[in-house]
Each structure stands twice: as structure tokens, then as C-alpha cells.
């Protein structure tokens, strides 16, 4: 029985270590767009200080225009860095050291800090519809020991206003759930008031 428990314990340790190691080649769904953080997902936590994560790039684009952006991670454990970027409605294109994963960007390998920071460059193609689109980013600052402990992360967002394209389709009244109740309301109210007035005249 003791040998079985020892084997189970060894497998569990390997799974945890394997999970942390697997994420070294990138992971998606942790940008903050889905309200799931790196810590909440069971990886990269316990660091004594959080990094600063900054998104740099144009905050206004014309429809179809390509903008150049950077995710900069500074502070924290500060040995190596990883990232995850997602966007509402816009097309992301990977830069050096990043790759696309299910429409989001993540690192191909952890990037070594240089002069206290790590930088990931990427581009974004503005959609054809006017509006304000949000870019979501998560940045990890890790100690480089291939374990999930002693690491820290932070999030950032950036709003990009797109103009020069088509306007969003207007919301139809029936999509608001009110038209069915209100479209015949004036006629119904008139009939009700007329009936009440007639009743009062009869009583008089």
C-alpha cells in the first residue's frame, strides 16, 4: 500500500512540474479577456512583488489599418517573461518571439529580461466596423526555475478607436424585447380609455 501511495505522489509531482514546464511554450485564455488570471489557473504565483505590464501602440486606427504594438513587462522576479494577448474584434499578428494560439498571442519561449524589462512586439489589424476595441494583455515575470512558485503576473488593457469604416448595425427594436409589448400599446390604451369614458357616461 505504501509503495502505491509513493507512486501516486510521484505522478502528481510530475504532473504539476510538467504543467509548469508546458506553459513555458505559451498558453492562451489568460489575457484577462476571459476573467481568468495566471494565478487562478493554477500556475505562476507566490512571487514577492508583481511586475508592471504596459501596452504601447496607437490608440486610434482607421478601418483595415495595421498598428504596431508592444507589451512591456518590468519588475517582479525579473529573470524571464511570458505573455498572453487577446483583442475584441481585431486581428492579431505575431511578432518575434510570439505565436498565434486560438486567435490570441502567446510567447514561443520565455524571454530573458534585459535591463530590467522584457518586450514582446506584435501587430493588430483594425476591423472594418467603427467602434472602440479593447486589447487585453497578461505578462508573467518569473524566476526561471521552471516551477510555478515564486513567479508573479499582472494585466493591462488598451482601448483602440477605429474610424473610417462602416458604422455598427443599429439594434432592432425587437432585439431589445420592447417592440412586441409597445408596438400596439397606443391603440390598446385608446380603446381602454374610450371604454372607461363610456362607462362613466352610462353611470352619469
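The values are calculated or read from the model by the stated rules, or taken from the named source; none is laboratory data. Since this is a predicted model, take the numbers as computed values, not measurements. Neighbour counts are summed over all protein chains in view; Cβ atoms, including those assigned to glycine, are modelled from backbone coordinates with ideal geometry.
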Problem set entry | Residues located in segment 133-161, provided they are farther than 17 Å from residue 112 by Cβ and touching a helix residue (DSSP H, G or I) at 6+ places or on another chain (Cβ under 6 Å) | 147, 148
Seminar exercise, completed: residue 20 meets each of (1) surrounded by 15 or more Cβ atoms within 10 Å (Cβ to Cβ); (2) out of contact with any strand residue (DSSP E or B) (no Cβ under 6 Å at 6 or more places or on another chain); (3) at pLDDT 95 or above with one exception, condition (3)
Exercise. Which residues, taken from segment 65-81, are at pLDDT 95 or above and either surrounded by 15 or more Cβ atoms within 10 Å (Cβ to Cβ) or under 13 Å from residue 155 (Cα atoms) (or both)?
Worked result: 65, 67, 69, 71, 72, 73, 74
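Determine if segment 87-98 includes at least one residue that is in contact with a helix residue (DSSP H, G or I) (Cβ under 9 Å, 6 or more places away or on another chain), within 19 Å of residue 154 (Cβ to Cβ) and part of a strand (DSSP E or B). Let's see the steps before the verdict.
Quick first cut of segment 87-98, residues in contact with a helix residue (DSSP H, G or I) (Cβ under 9 Å, 6 or more places away or on another chain) only: none.
There is no residue in segment 87-98 that is in contact with a helix residue (DSSP H, G or I) (Cβ under 9 Å, 6 or more places away or on another chain), within 19 Å of residue 154 (Cβ to Cβ) and part of a strand (DSSP E or B).
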Problem set entry | Extreme residue, nearest to residue 88 (Cα to Cα), among residues of segment 102-114 that are in a strand (DSSP E or B) and within 17 Å of the chain's Cα centre (by Cα) | 104
For this session: Search segment 162-180 for residues being part of a loop (DSSP other than H, G, I, E, B) and at pLDDT 65 or above, and hand back the single one that is farthest from residue 65 (Cα to Cα).
Result: 172
Exercise. How many of the residues in segment 115-152 are assigned to a strand (DSSP E or B), over 20 Å from the mean Cα position of the chain (by Cα) and at pLDDT 95 or above?
Worked result: 2
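Assess whether residue 42 counts as being under 17 Å from the mean Cα position of the chain (by Cα) and at pLDDT below 95.
Values: under 17 Å from the mean Cα position of the chain (by Cα): no; at pLDDT below 95: yes.
When the stated conditions are applied, residue 42 does not pass them.
For (1) surrounded by 19 or more Cβ atoms within 10 Å (Cβ to Cβ); (2) closer than 20 Å to residue 24 by Cα; (3) without any contact (Cβ under 8 Å) to a residue 12 or more places away in the chain; (4) out of contact with any strand residue (DSSP E or B) (no Cβ under 8 Å at 6 or more places or on another chain), each residue gets a yes or a no:
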site	(1), (2), (3), (4)
59	no, no, no, no
63	no, no, no, no
83	yes, yes, no, no
86	yes, yes, no, no
106	yes, yes, no, no
135	yes, no, no, no
141	yes, yes, no, no
